[in-house]
Amino acid sequence: MKRLIVPALLAMALSACATAPTVYQPAAGPSAVGYSEYRIEPGRYRVTFRGGAGASPEHVTDLALLRAADLALAEGYDWFQVTDRFLQGQPDRGPRIGLGVGGADFGRRSSVGLGVGTSFNLGGGPAVTATLEVLMGRGERPRGLNVYDARGLRQSLGPRV
């Protein structure tokens with residue numbers, strides 16, 4: 001019976017690590033992983049992508065840009081400009097478990113040991129949300145920073161995510 005307690009506790013601890021993976025999909029709710037958009041006016045949108053726990057800010061931002069490109073193409077636009085960006089992260093407040101084994105030397109008597117240590121984060125890591133405000137347009141893409149060709153961005157980011 002006592003032998004089953006430790007494996008059961010470890011299984012429960014590892015199951016707490018299970019979080020929603022960061023995939024390109026519509027968000028099913030306000031705190032769900034995925035994208036959402038809000039139409040501010042014709043040709044101007046606020047695009048938000050919420051990543052799963054542990055997703056990098058760069059990956060989440062790429063997914064938000066990909067959604068902006070898909071939205072621009074679906075609306076018949078050729079390019080879009082990011083006029084404002086917000087990146088929010090939730091600090092990692094999850095509990096941690098540490099495991100370790102070691103050895104020591106006591107003068108005339110010594111102990112030979114192998115030290116091994118690891119840490120498991122049971123909280124899943126920080127969750128990052130990227131929000132972009134985009135202005136869309138047709139025709140030749142204007143020069144400047146933060147202006148993206150919707151088709152080109154879709155082709156370059158699409159296969160990577």
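Side notes on the structure shown:
- Within the range 87-100, one or more residues are basic (Lys, Arg), out of contact with any Phe, Trp or Tyr (no Cβ under 6 Å at 6 or more places or on another chain) and modelled with pLDDT under 65.
- Residue count, the range 30-53 (criterion: at positive phi and not in a loop (DSSP other than H, G, I, E, B)): 1
- Residue 68 of a type in the set (A, V, I, L, M) and free of Cβ contacts under 8 Å to residues at least 60 places away in the same chain: no
- If you filter the range 132-146 down to residues that are under 11 Å from residue 78 (Cα atoms) and open to solvent by less than 20 Å² (accessible area, probe 1.4 Å), you find that the one that is nearest to the chain's Cα centre (by Cα) is 136.
- Residue within the range 12-23 that is touching a helix residue (DSSP H, G or I) at 6+ places or on another chain (Cβ under 9 Å) and modelled with pLDDT of 55 or more present: yes
- Search result, residues across the range 29-57 that are open to solvent by less than 30 Å² (accessible area, probe 1.4 Å), under 23 Å from residue 149 (Cβ atoms) and hydrophobic (A, V, I, L, M, F, W, C): 47, 49
- Boolean, residue 80 is surrounded by 16 or more Cβ atoms within 10 Å (Cβ to Cβ) and either under 24 Å from residue 50 (Cβ atoms) or modelled with pLDDT of 95 or more (or both): yes
- Count of residues meeting criterion [part of a helix (DSSP H, G or I) and open to solvent by 50 Å² or more (accessible area, probe 1.4 Å)] in the range 58-76: 4
- Pairing each residue of the range 44-62 that is farther than 17 Å from residue 29 by Cα with any residue that is open to solvent by 50 Å² or more (accessible area, probe 1.4 Å) and of a type in the set (Ser, Thr, Tyr), provided the two are 6+ apart or on different chains, yields C-beta distances under 9 Å for 44/83; 45/38; 54/19.
- Residue check, residue 104 out of contact with any Asp or Glu (no Cβ under 9 Å at 6 or more places or on another chain), at pLDDT 95 or above and surrounded by fewer than 10 Cβ atoms within 10 Å (Cβ to Cβ): no
The values are calculated or read from the model by the stated rules, or taken from the named source; none is laboratory data. The model shown is predicted, which means the values in this text are computed figures rather than measured ones. Backbone-built Cβ (ideal geometry, glycine too); neighbour counts: all protein chains shown. Side chains are part of the model used for accessible areas, which takes the heavy atoms of the whole protein and leaves out ligands, DNA and RNA. Shrake-Rupley method; radii C 1.70, N 1.55, O 1.52, S 1.80 Å.
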